[in-house]
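What follows is a short report on a single structure.
The values are calculated or read from the model by the stated rules, or taken from the named source; none is laboratory data. The shown structure was predicted, so the numbers you read here are calculated from the model rather than taken from an experiment. No Cβ is skipped: glycine too gets one built from the backbone with ideal geometry, and neighbour counts run over all protein chains shown. Quick note on the areas: whole protein, heavy atoms, side chains included, nothing else; ligands and nucleic acids left out. Shrake-Rupley method; radii C 1.70, N 1.55, O 1.52, S 1.80 Å.
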Amino acid sequence: MRAERHWQRALEVTERARRQGALVPLDTRLLPVPGIEPFVVRELLSSTPRHLRQGGPRPNPFLPWDRPLQVELLEPAHVLLLNKYPVQEAHLLVITRDWRPQAGWIEACDWQAVAEVGRDTGGLWFFNSGARSGASQPHRHLQLLPRRPGEPSCPLAPLFLEQLETGTPAWCWAYRLSRRSDPLGGSDLADLYHAHARDLELGEPDRDSEPLHPYNLLFDDDWFLTVRRVREHGAGFSVNALGFAGFLLITEGSDRGWLERHGPWALLEDVAAPRS
């Protein structure tokens, strides 16, 4: 059983940051879109925040990071931070203290920081490699939506587990899905990352200065998923890694009619690289 100390600390910091005005939770509502299951669709009721607008906010909000949002220092080189614009409470970011590019390779020290948090608090982890995969900030950060033991990490988690059991490719876009071998220790993360990068022709850190294509990562205690991307927007929807987890957000530019006619799988197919 995890201690969930980071999660509890995040909830405490949330209350203080909200009172100080440092935290700006997004107001959304669930939309009952027929035939959309198991996807979860929310409509943004707040004004569109800067991080969802093209190009993202400037300057870099992580240098320096907003101290009221700090949950924990992760030694030697990372910070556990609250997302300033959360849809879910206690949405956490693992960021590098010094500048590291989001579009560069995730490094061993990044995986060590993720493993440290993961040993204490579980949930859905995700990473957007750059603007074409939904990243709103150029400074390296991995994200965590905490979950209770036994709670599905995301709407599509049962499908991922089913595919791991059957071994049958389920989707027509370029992806790799693997079972985790070390869920709490996290020693498998870097190996899975590099293996998926090779399989999806994203490149190799020893040879390529940065990944050759944009991509998303999603993982929890049971599975690790990498999706190769070609574009960030489809039908007016901004799609980041959470789209491939089963979460979609309708904003003022989204074509809801298109989604109802074609469905969420068609949206994901539109923004992911085709499977070769």
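What strands (runs of 3 or more DSSP E) completely inside segment 98-196 contain at least 2 residues that are closer than 24 Å to D270 by Cα? Spell out how you get there, then give the answer.
Working: elements: 123-128, 141-146, 175-179.
Because the criterion is at least 2 residues that are closer than 24 Å to D270 by Cα, the strands (runs of 3 or more DSSP E) in segment 98-196 that meet it are 123-128, 175-179.
The residues listed here are L202, L249; of these, the one that is touching a Lys or Arg at 6+ places or on another chain (Cβ under 7 Å) and either within 17 Å of F39 (Cα to Cα) or assigned to a helix (DSSP H, G or I) (or both) is L249. Filtering segment 135-171 to residues that are more than 20 Å from H213 (Cβ to Cβ) and of a type in the set (G, A, S) leaves G150, S153, A157, G167, A170. Within the set L45, L26, the sole residue that is farther than 24 Å from V114 by Cα, exposed (fewer than 12 other Cβ atoms within 10 Å of the Cβ) and touching a Ser or Thr at 6+ places or on another chain (Cβ under 7 Å) turns out to be L45. Sub-6 Å Cβ pairs linking a first residue in segment 248-275 that is more than 22 Å from C154 (Cβ to Cβ) to a second residue that is open to solvent by 10 Å² or more (accessible area, probe 1.4 Å) and outside any strand (DSSP E or B), at least 6 apart or interchain, are G253/G236; D255/A235; D255/G236; W258/A235, ordered by first then second residue.
Checking each residue of segment 221-236 against the condition of being open to solvent by 30 Å² or more (accessible area, probe 1.4 Å), farther than 17 Å from H141 by Cα and assigned to a strand (DSSP E or B) gives at least one match.
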